[in-house]
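These notes are about the structure you will find just below.
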Amino acid sequence: MSHRNVVGVYDVTTIVDPASGAPTDALVMELVEGDMLENVLRHALTRNEARRIGAGIFDAIAAYHERNLA
C-alpha cells in the first residue's frame, strides 16, 4: 500500500557487520527529503504544527486500518 504519510519499504534484508561478523536486520526504505520527525519534535511545537503532524499520523493509521493492514 502507498500513502503520502508513510515511507515506502522496498526490502528487508540481513547485513553482516564486517568488524564483528554479527548479522543485523535492515530495511531498504524510500528516501524522503526533509527533516526527520525526531528532529522536528525536539523543539516546542505551535498548536497548528502539532495538529498538522498529528493529523498526518492519524490519517495514515486510518488508511491502513480501512484496508485491514493494521
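The values are calculated or read from the model by the stated rules, or taken from the named source; none is laboratory data. The structure presented is a predicted model; accordingly, all values stated were derived computationally and were not measured. We place every Cβ from the backbone using ideal geometry, glycine too, and count neighbours over all the protein chains shown. Accessible surface is based on the protein model in full, side chains and every heavy atom, while ligands, DNA and RNA are left aside. Shrake-Rupley method; radii C 1.70, N 1.55, O 1.52, S 1.80 Å.
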Quick one: how many Å² of His3 are accessible to a 1.4 Å probe, rounded to 10? 30
Taking 0.36 nm per residue of sequence separation and subtracting the Cα-Cα distance, how much length would be gained by fully extending the chain between Glu38 and Tyr64, in nm to one decimal? 7.1 nm
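Nothing charged except the Cβ atoms of Lys and Arg (+1) and of Asp and Glu (-1): what's the magnitude of the dipole of the chain about its Cα centre? Round to the nearest 20 debye. Please report the intermediate quantities before stating the final value.
On the way: 6 positive and 10 negative charges, 85 e Å.
Computed charge dipole of the chain: roughly 420 debye.
Add -39500 (n - 2.57) for each DSSP H run of 4 or more in the chain, then divide by its residues: what number comes out at 222 nm, to the nearest 500 deg cm²/dmol?
Working: 2 runs with 24 residues, N = 70.
Dividing the helical sum by the residues of the chain leaves -10500 deg cm²/dmol.
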Per residue, how much accessible surface does the chain expose to a 1.4 Å probe? Answer in Å², no decimals. 86
Please report the accessible area of Ile53 (heavy atoms, 1.4 Å probe, ligands and nucleic acids excluded) in Å², nearest 10. 30
Taking Cα atoms only, helix 47-66 is inclined relative to the longest principal axis of the chain by an angle, in degrees rounded to 10, of 60
Of the GluC sites (Glu not before Pro) in the chain, which ones lie in a loop per DSSP and count no more than 10 other C-beta atoms within 10 Å? Glu30, Glu33
So the label point goes 7 Å from the Cα of Ile53 along Cα→C-beta, right? Which residues of region 1-37 then have their backbone N under 20 Å from it? 4-8, 32-37
Relative contact order for the chain: what percent, with Cα pairs under 8 Å and sequence separation of 6 or more? 30
